[in-house]
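Note sheet for the following structure.
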């Protein structure tokens, strides 16, 4: 971890984002480097700008100050080059496309020919264990299955970077823990880099190589916790004493800096983040 | 689980279909029977309400007059439907492309959608040759235009912001977003309007003909038959109009099933 040889995939330098509406500063002076192969979680209370930071990396919002580079290029160029895949809290599947066609969407955008697309979609379906559901419509799938399709879609074109915005936030605890394990196994198989937004402390610790704790008003990095639990992690990992120590570390960082917002302030920040 | 439990056999499916349609069929047959019976029992005059059997026999005996007249009117309705709906979709697309124009026009489109456009029917006779089919086509087109315009606009604006954000993450151009997100999202809205428009088109054509038109037109025939107390034939004309209206509606529904088959709600419409 933090291997000096490892290529820097994401480099955020002095990034500040102020939304014009309500003049809300979502994130301020963020500096963050993420190396190739890392699994980095962004955690913080609602409205701390963690989703905004993810969108800055994906060039879905532009920084007011500072710069973001992905794969050594400006974030805008990286987006144009399809350097990352993204997964949102809801699966954002296209209702008019079958499961296969949804996974195939980014490949169509990249201009892959039909045969190549078909092979890759089959591979991805196998990866997320949904081969039997290739021709189903999204509404015929459970929430967890829909999210697996969404992950398969994000990974279909083998992006160097996977951005995930609370991907399992809407799922029940059991489904969530199972998908955590699946995600880790996919991450290890593909050796990709993941930036993962969550508000679950145990999820962040369980998955990550590093946990970036953010504080609100405006969003800043409160501290970074290195997670030195060995991979592959399993159900037992969650029961190890060291797991609890790390969870406590993250919780204390959150408590120290993350005083709670008034409800209306939180609402203003949330709306700005939309 | 056996495969038969998952995929019912053709016979089972046919049985289900019969069970599903049976109540409606019973109501239909009973309704016709009550109609036929009550005319005899209450001695209702022919000009108030003819017997269904007489309407049907008139429908058959007068087929050489009524059916071509129906076809003539149907073509007017179809032309008006195509022109009005087509323009509605095109204008909605242009409005969606140029947002400022859209916000300026939308209130008027919604207001126009609420006024009884059919009131313009006599005016259209003056604008176009009252004897030509063009004036009826214009009425039908005008009736179809506004619901299709308003619904298409609404549909194009209903695209999910997350789906658009996903497309932006693929560096998609506005045209790609329009083609792959906005248009598919709008389709169910468009079809809702097209179903309404298919009914309006037939109404527009026939009401237009009530104000004058070719003697080979269905509306003209219904009106003149009613004036000379040929009520059975007038009713047979109404039957022709109804059948053609239903045909047009069902054609739209079939197209919807084909194009919007993915929507769970399209299965029970």
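Each value in this text was obtained by applying a stated rule to the coordinates, not by laboratory testing. Just so we're clear, the structure is a prediction, and the values are computed from it rather than from any experiment. Positions of Cβ are backbone-derived with ideal geometry, glycine not excepted, and every protein chain shown enters the neighbour counts.
Some points to look at:
- As a rough guide to protection, the peptides A:226-238, B:141-153 ranked by mean Cβ packing within 10 Å, highest first, stand as B:141-153, A:226-238.
- Looking at the protein assembly as shown, the DSSP beta bridges with both ends there are about 50 percent antiparallel.
- Our compactness index for the stretch B:50-268, the C-alpha radius of gyration over the empirical 2.2 N^0.38 Å, is 1.20.
- Relative to the longest principal axis of the Cα atoms of chain B, the long axis of helix B:63-97 makes an angle of roughly 20 degrees.
- Estimated inter-spin distance, residue B:22 and residue A:236, nm [label 7 Å along Cα→Cβ]: 6.2 nm
- The angle between the Cα long axis of helix A:173-190 and the longest principal axis of the Cα atoms of chain A comes to about 80 degrees, rounded to the nearest 10.
- A simple spin-label model places the labels of residue B:111 and residue A:199 4.4 nm from each other, with each point 7 Å out along Cα-to-Cβ.
- Taking every residue in A:74-86 and counting other chain Cβ atoms within 10 Å of its Cβ, the average works out to 2.
- Most to least packed among A:105-118, A:140-153 [average Cβ atoms within 10 Å]: A:140-153, A:105-118
- Net length gained if the chain between residue A:46 and residue A:135 were fully extended (0.36 nm per residue, minus Cα distance): 28.3 nm
- Label-point gap, in nm, between residue B:75 and residue B:33 - each point 7 angstrom along Cα→Cβ: 4.2 nm
- Full-extension gain in nm, residue B:43 to residue B:242, via 0.36 nm per residue minus C-alpha separation: 69.0 nm
- Per-residue extension of 0.36 nm, minus the Cα-Cα distance of residue A:123 and residue A:181, leaves a gain of 19.0 nm for this segment.
- Partner shielding of A:91-104 amounts to 3, given as the average count of beta-carbon atoms from other chains within 10 Å of each residue beta-carbon.
- Packing around the peptides B:244-254, B:195-205, B:81-91, taken as the average count of other Cβ atoms within 10 Å per residue, puts them in this order, highest first: B:195-205, B:81-91, B:244-254.
- Within 10 Å of each Cβ in B:170-178, the average number of Cβ atoms from other chains: 3
- Top of A:13, A:249, A:189 by mean-square fluctuation, Gaussian network on chain A, Cα under 10 Å: A:189
- Degrees, to the nearest 10: B:10-42 long Cα axis against longest axis of chain B: 40 degrees
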